[in-house]
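Colleague: Below: one structure in structure tokens.
The values are calculated or read from the model by the stated rules, or taken from the named source; none is laboratory data. All of these numbers come straight from a predicted model, not from anything done at the bench. No Cβ is skipped: glycine too gets one built from the backbone with ideal geometry, and neighbour counts run over all protein chains shown. Ligands, DNA and RNA are excluded from the accessible area calculation, which covers all protein heavy atoms including side chains. Shrake-Rupley method; radii C 1.70, N 1.55, O 1.52, S 1.80 Å.
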Amino acid sequence: MCVIVISSTVTFVQTKELFAQVWNQVAEKLEENFDFNLKFVSKNDDWNSNDNTDSDFSSKKEFETNLEEFSKLNLDGNIMSFQIKEGETWRIECSYSHTKLKPEFTNKNGTLYITQKNQIQHLSGSKRCDLLITVPANTELEKAIVKVNIGDIDISDLTVKNLETDVNIGEIQLDSVNFDTLDGEVNIGDYKIEDFSDFDDYNANLKANLGEIKIHRNGYGKKMSQKRNSSKKIDIEINIGQIDID
């Protein structure tokens with residue numbers, strides 16, 4: 001199963017430099033669950049270096065602007081760390097390392113669409129995009145679909161009636177998020193829900209193929225399901241990683 005997962009990931013990612021980072025993230029997750037060590041070294045050290053250092057991101061480009069009010073969100077990112085949280089105004093802020101990673105956004109009939117170009121081959125240096133959206137207090141979104149290929153999704157202090165989240169490699173974290181339905185999927189990484197005391201009120205179907213499930217610090221192995229007399233539901237599936245609800 002490990003070979004199948006890694007093979008699929010390699011096929012999805014098309015450059016040697018990007019493969020180096022992907023492999024090392026796969027290896028890190030495998031090492032957390034199994035007792036062996038894996039490393040991949042590329043001839044190009046761009047992805048083997050620490051992209052979080054200021055020097056690697058010193059040439060970053062930025063933009064920020066106010067947004068029109070929206071009730072639905074549709075985000076499709078390639079390499080992106082995305083955050084949405086409570087703020088003073090409807091606003092978007094972004095830092096990115098290359099023009100091809102700059103996201104495009106538009107508001108159509110109350111739906112905010114955010115997309116990112118897929119052309120990432122032959123980009124040198126740091127490959128990063130950090131995107132932040134703020135919405136006023138007590139905002140309630142009708143629906144949000146948030147998908148990222150490589151990167152993290154962080155949603156906090158928000159109400160979203162119907163929430164869909166999908167990450168290929170990275171982490172999803174929800175903190176003080178209210179929802180009626182949640183559909184979550186992660187290939188390699190963790191899914192964390194914090195400050196969520198109403199789990200017992202939801203129909204739930206949780207699955208961690210190579211990992212584990214923890215709910216309020218109690219372990220449930222690789223599968224967990226519950227049925228309630230309610231329309232509220234949570235469906236989360238992890239390939240390699242952990243589901244942690246607290």
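Colleague: Among (1) surrounded by 14 or more Cβ atoms within 10 Å (Cβ to Cβ); (2) at pLDDT 90 or above; (3) of a type in the set (Phe, Trp, Tyr), which single condition is PHE40 missing?
Modeller: Checking PHE40 against (1) surrounded by 14 or more Cβ atoms within 10 Å (Cβ to Cβ); (2) at pLDDT 90 or above; (3) of a type in the set (Phe, Trp, Tyr), the one that fails is (2).
Colleague: Further question on the same structure: Please list, ordered by residue number, the strands (runs of 3 or more DSSP E) wholly in the range 168-228 having 1 or more residues that are among the polar types (S, T, N, Q) and open to solvent by less than 60 Å² (accessible area, probe 1.4 Å). Write out each step before concluding.
Modeller: Values: elements: 172-178, 181-188, 191-194, 203-215, 223-226.
Where strands (runs of 3 or more DSSP E) fall fully within the range 168-228 and carry at least 1 residues being among the polar types (S, T, N, Q) and open to solvent by less than 60 Å² (accessible area, probe 1.4 Å), they are 172-178, 181-188, 203-215, 223-226.
Colleague: Does the range 51-61 include one or more residues that are among the polar types (S, T, N, Q), open to solvent by less than 20 Å² (accessible area, probe 1.4 Å), modelled with pLDDT under 95 and in contact with a Gly (Cβ under 9 Å, 6 or more places away or on another chain)?
Modeller: Of all residues in the range 51-61, those among the polar types (S, T, N, Q) come to 52-53, 55, 58-59.
Okay, now just the ones that are also open to solvent by less than 20 Å² (accessible area, probe 1.4 Å), so none.
Among the residues of the range 51-61, not one is among the polar types (S, T, N, Q), open to solvent by less than 20 Å² (accessible area, probe 1.4 Å), modelled with pLDDT under 95 and in contact with a Gly (Cβ under 9 Å, 6 or more places away or on another chain), which makes the answer no.
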